1. Being closer than 24 Å to residue 101 by Cα, part of a strand (DSSP E or B) and in contact (Cβ under 8 Å) with a residue 24 or more places away in the chain narrows it down to one residue among 75, 54, 41; which is it?
2. Can you report the number of residues in the range 57-72 which are surrounded by 10 or more Cβ atoms within 10 Å (Cβ to Cβ) and assigned to a loop (DSSP other than H, G, I, E, B)?
3. Can you name the residue in the range 55-96 that is hydroxyl-bearing (Ser, Thr, Tyr) and at pLDDT 90 or above and is also nearest to residue 42 (Cα to Cα) among such residues?
Amino acid sequence: MSPSKISLLAIAVASIGLAVGVSRFASAATQPIDDLASNEGIYVDKGSFKVMRGMAKTDPTAQIMKLGARPVEEGAIIFRSGDQLYIVDAVPAGGARMLNSFRDAFAPPG
């Protein structure tokens, strides 16, 4: 998938996922690091692992349809392992809540 398609797909996926899946822990509680505005998205570059933020130049509805993007159920977790990026955008097995699964799998930074 080309970087532009991934970026546009991120608009649909990341609007909920960033606030839920990518977070900091403060005083043993997960806190969002930022919020996404409507029509805003993130792109994680696979080569540099830099996270870029962007605003759609037009209504993204056509791009959402073109890319076959779909809303996520509960949130999304994007993580890096070695030189690979992974995304989880479904409710984990066993009915566990996405945020609880993130807290269980990832330690606070620092």
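The values are calculated or read from the model by the stated rules, or taken from the named source; none is laboratory data. Remember, predicted model here, so these are calculated numbers, not experimental data. Note that we place each Cβ from the backbone using ideal geometry, even for glycine, and neighbour counts take in every protein chain shown.
1. So the residue among 75, 54, 41 that is closer than 24 Å to residue 101 by Cα, part of a strand (DSSP E or B) and in contact (Cβ under 8 Å) with a residue 24 or more places away in the chain is 41.
2. Residues in the range 57-72 being surrounded by 10 or more Cβ atoms within 10 Å (Cβ to Cβ) and assigned to a loop (DSSP other than H, G, I, E, B): 5 in total.
3. So, considering only residues that are hydroxyl-bearing (Ser, Thr, Tyr) and at pLDDT 90 or above, the one nearest to residue 42 (Cα to Cα) is 86.
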